[in-house]
1. Assuming S84 fulfils every condition listed in (1) small (G, A, S); (2) more than 15 Å from A33 (Cβ to Cβ); (3) open to solvent by less than 70 Å² (accessible area, probe 1.4 Å); (4) not in a loop (DSSP other than H, G, I, E, B) apart from one, which condition is it?
2. Based on this model, can you work out whether G54 counts as over 16 Å from Y94 (Cα atoms), out of contact with any Ser or Thr (no Cβ under 9 Å at 6 or more places or on another chain) and not polar (S, T, N, Q)?
3. Tell me, which residue of segment 93-104 that is surrounded by 11 or more Cβ atoms within 10 Å (Cβ to Cβ) and touching a Ser or Thr at 6+ places or on another chain (Cβ under 7 Å) is modelled with the highest pLDDT?
4. Just for strands (runs of 3 or more DSSP E) wholly inside segment 23-65: which have at least 3 residues that are over 18 Å from K75 (Cβ atoms) and open to solvent by 60 Å² or more (accessible area, probe 1.4 Å)?
5. Only one of N32, N73, N58 is in contact (Cβ under 8 Å) with a residue 24 or more places away in the chain and touching a Gly at 6+ places or on another chain (Cβ under 9 Å). Can you tell me which?
6. Here are some residues: T77, T68. Which one is modelled with pLDDT of 95 or more, open to solvent by 60 Å² or more (accessible area, probe 1.4 Å) and either of a type outside the set (F, W, Y) or within 20 Å of L18 (Cβ to Cβ) (or both)?
Amino acid sequence: QVQLVESGGGLVQAGGSLRLSCAASGSIGSINAMGWYRQAPGKQRELVAASTSGGGINYADSVKGRFTISRDNAKNTVYLQMNSLKSEDTAVYYCNVADGRGWYWGQGTQVTVSS
């Protein structure tokens with residue numbers, strides 16, 4: 001069984017910063033990709049940022065220049081540094097990890113940006 005433990009969410013004022021972390025443990029295989037998604041109330045879950053094992057990185061247009069994804073492969077951990085936060089960044093953020101056998105999701109962490 002694979003476990004993803006997220007941390008780092010919270011309440012922040014607009015213009016502030018937060019750093020999310022997600023650590024994968026358990027029977028995780030060789031990780032192909034790690035990323036972050038978010039879901040705001042009444043909206044579909046959307047990709048925020050993703051990092052592949054080949055070094056590719058993708059960002060949603062809405063977060064480019066403000067968010068940075070990074071990973072520590074030795075720790076099976078992915079991070080999301082979020083700067084210049086806006087009220088529209090308010091959502092539940094989910095970690096996603098893919099190995100050769102499947103996709104796994106974290107439990108979600110709430111990020112609330114007050115204007």
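1. (4)
2. yes
3. Among those that are surrounded by 11 or more Cβ atoms within 10 Å (Cβ to Cβ) and touching a Ser or Thr at 6+ places or on another chain (Cβ under 7 Å), it is Y93.
4. 57-59
5. Exactly one of N32, N73, N58 is in contact (Cβ under 8 Å) with a residue 24 or more places away in the chain and touching a Gly at 6+ places or on another chain (Cβ under 9 Å), namely N32.
6. After applying the criteria, what remains is T68.
The values are calculated or read from the model by the stated rules, or taken from the named source; none is laboratory data. All values reported here derive from a predicted model rather than from experimental measurement. Note that each Cβ is placed from the backbone with ideal geometry, even for glycine, and that neighbours are counted across all protein chains shown. Only protein heavy atoms, including side chains, enter the accessible area calculation; ligands, DNA and RNA are left aside. Shrake-Rupley method; radii C 1.70, N 1.55, O 1.52, S 1.80 Å.
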